[in-house]
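Peer 1: Here it is: the structure, laid out below.
The values are calculated or read from the model by the stated rules, or taken from the named source; none is laboratory data. Quantities reported herein were computed from a predicted structural model and do not represent experimental measurements. All Cβ positions, even for glycine, are placed from backbone atoms using ideal geometry, and neighbour counts span all protein chains on display. Each accessible area value is taken on the protein alone, full model and side chains, heavy atoms only, with ligands, DNA and RNA left out. Shrake-Rupley method; radii C 1.70, N 1.55, O 1.52, S 1.80 Å.
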Amino acid sequence: FKSNKHIYGQLIDDNTQKTLLSSSTNDKDLAKDLTSTSTKVEQSKVVGYSLAKKIKSKKIDKIIYDRNGYRYHGRVKALAEAIREKGINF
């Protein structure tokens, strides 16, 4: 999900209908990293790197990316590419 100020990413298990992992610009552990960014696209990359790190820690290597109807450009694209850079396949 993305709003005018924030972006949120979640890893959801569709079989059990539960959220496994999440990351967003509201996370307190990312506050230090987000202060050094100047644009929302850069913030999306930081969130993507954080989510990819959490996915790797759960030993998951392949996911399905659902952009929830948002066009694949800008912040949505930056989030996806940041996850791909860390070795998670779509």
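Peer 1: Of the accessible area of the chain, with the probe set at 1.4 angstrom, what percent is carbon plus sulfur?
Peer 2: It is 47 percent, rounded to a whole number.
Peer 1: By how many nm would the segment from Val41 to Glu85 lengthen if fully extended, with 0.36 nm per residue of separation less the alpha-carbon distance?
Peer 2: Working it through step by step, the gained length comes to 14.3 nm.
Peer 1: Pull out a ≥ b ≥ c, the square roots of the eigenvalues of the alpha-carbon gyration tensor of the stretch 33-90, then state rounded if a/c is under 1.5, prolate if not and a/b is larger than b/c, and oblate in the remaining case.
Peer 2: It is oblate, given that a/c is not under 1.5 and a/b is not larger than b/c.
Peer 1: Go through Lys53, Lys58, Lys40, Lys28 and list them by solvent-accessible area, largest first, probe radius 1.4 Å.
Peer 2: So the residues, ranked largest to smallest area, are Lys28, Lys53, Lys58, Lys40.
Peer 1: Still on this model: For helix 75-85, report the angle its Cα long axis makes with the longest principal axis of the Cα atoms of the chain; keep it between 0 and 90° and round to the nearest 10°.
Peer 2: Helix 75-85 and the main axis of the chain meet at about 60 degrees.
Peer 1: Now for a separate question. Contour minus end-to-end for Lys28 and His73, with contour as 0.36 nm per residue of separation and end-to-end as the Cα-Cα distance?
Peer 2: Net length gain for the segment: 13.6 nm.
Peer 1: Please give me the summed charge of the neighbours of Ala82: other residues whose Cβ is under 11 Å from its Cβ, Lys and Arg +1, Asp and Glu -1.
Peer 2: Computed value for this residue: +3.
Peer 1: Excluding ligands and nucleic acids, what accessible area in Å² is computed for Asp14 using a 1.4 Å probe, to the nearest 10?
Peer 2: The accessible area comes out at roughly 120 Å².
Peer 1: Per DSSP helix of 4 or more residues, -39500 (n - 2.57); summed, then divided by the residues of the chain. What does that give at 222 nm, rounded to the nearest 500?
Peer 2: -11500 deg cm²/dmol
Peer 1: Once phi is turned into θ = phi - 60°, what whole-Hz ³J(HN,Hα) does the Karplus curve with 6.51, -1.76 and 1.60 give for every residue of the stretch 26-42, x standing for Gly and Pro?
Peer 2: Using θ = phi - 60°, the values come out as 8, 5, 5, 6, 9, 4, 5, 5, 6, 5, 7, 8, 10, 10, 6, 5, 5 Hz.
Peer 1: Which whole-number value in Å² is the accessible area per residue of the chain, probe 1.4 Å?
Peer 2: 70
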